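The values are calculated or read from the model by the stated rules, or taken from the named source; none is laboratory data. What you see is a predicted model; the values in this text were computed from it and never measured. Glycine gets a Cβ as well: all are built from the backbone with ideal geometry, and neighbour counts include every protein chain shown. Accessible surface is based on the protein model in full, side chains and every heavy atom, while ligands, DNA and RNA are left aside. Shrake-Rupley method; radii C 1.70, N 1.55, O 1.52, S 1.80 Å.
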Amino acid sequence: MSNQSILPPSLSADSRSIALEDLTRRFTSLDLTRLLVYLIDVVEPSALPHLAEQFSLFGDGWEMAESDEAQRNLIQSAVEIHRKKGTPFSIREVFRALRLGEVEIIEHTGRLWHDGQHKHNGIMHHGDAAKWAVYVVRLNQPVTRDQAESIRLILSKTAPARCHLGYLDFREAANCHNARINHDGQYTHGVV
């Protein structure tokens with residue numbers, strides 16, 4: 001923008017008009033990218049907790065989002081999670097956003113019959129009609145006891161209100177004895 005005045009000649013001597021013109025000139029040199037807070041991929045990390053609060057993510061997974069990338073993913077999927085809250089989709093979407101992998105949800109564990117599809121392992125409630133609202137989440141990776149408690153809290157808010165989590169099962173992705181996981185009581189052997 002040139003330094004030529006845009007004021008009409010009748011206002012060019014007015015000090016208030018000159019100050020206003022100077023102020024509008026400075027606006028064009030401002031960096032407006034800091035105002036684009038809904039571009040989640042480029043927003044400052046210090047703004048992420050405020051966006052999480054705005055999208056009502058506290059209690060819906062924010063506590064488990066440890067890295068900036070996980071926090072950004074959760075914020076980006078917040079609308080979809082809230083839109084389909086109370087469905088198996090919202091449960092799966094929370095696990096995806098937190099980078100906990102794909103999960104299998106087994107619903108109606110009291111309606112399982114001896115048909116060869118499910119293992120009779122003492123945890124499933126074969127033929128128990130009173131357990132119709134119990135569901136199980138099978139994870140593809142192990143989680144710590146602390147993470148399991150956080151997941152239980154998240155699921156209590158995102159799963160259907162009529163349902164109750166039976167347990168988290170990651171026996172299929174059991175801990176390997178390869179020194180990546182310390183045996184300090186934080187990890188279990190597959191069911192939490």
Self-check item: Selection within region 135-162 - out of contact with any strand residue (DSSP E or B) (no Cβ under 8 Å at 6 or more places or on another chain) and of a type in the set (S, T, N, Q)
Solution: Gln141, Gln147, Ser150, Thr158
Self-check item: Filtered residues of region 151-178 (kept if hydroxyl-bearing (Ser, Thr, Tyr) and either modelled with pLDDT under 85 or open to solvent by less than 40 Å² (accessible area, probe 1.4 Å) (or both))
Solution: Thr158, Tyr167
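Each row is one residue, and each column tells you yes or no for (1) loosely packed, with under 14 Cβ neighbours inside 10 Å; (2) over 22 Å from Tyr167 (Cβ atoms); (3) touching a Phe, Trp or Tyr at 6+ places or on another chain (Cβ under 6 Å).
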{"site": "Gln4", "(1), (2), (3)": "yes, yes, no"}
{"site": "Asp14", "(1), (2), (3)": "yes, yes, no"}
{"site": "Thr24", "(1), (2), (3)": "yes, yes, no"}
{"site": "Leu32", "(1), (2), (3)": "yes, yes, no"}
{"site": "Tyr38", "(1), (2), (3)": "yes, yes, no"}
{"site": "Ala65", "(1), (2), (3)": "no, yes, no"}
{"site": "Asp68", "(1), (2), (3)": "yes, yes, no"}
{"site": "Ile81", "(1), (2), (3)": "no, yes, no"}
{"site": "Phe95", "(1), (2), (3)": "no, no, no"}
Self-check item: Single unsatisfied condition, Val42 versus (1) open to solvent by 80 Å² or more (accessible area, probe 1.4 Å); (2) at pLDDT 90 or above; (3) among the aliphatic types (A, V, I, L, M)
Solution: (2)
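Could you count how many residues in region 75-85 are farther than 15 Å from Leu155 by Cα and either aromatic (Phe, Trp, Tyr) or under 8 Å from the mean Cα position of the chain (by Cα) (or both)?
Summing the residues that are farther than 15 Å from Leu155 by Cα and either aromatic (Phe, Trp, Tyr) or under 8 Å from the mean Cα position of the chain (by Cα) (or both) in region 75-85 gives 2.
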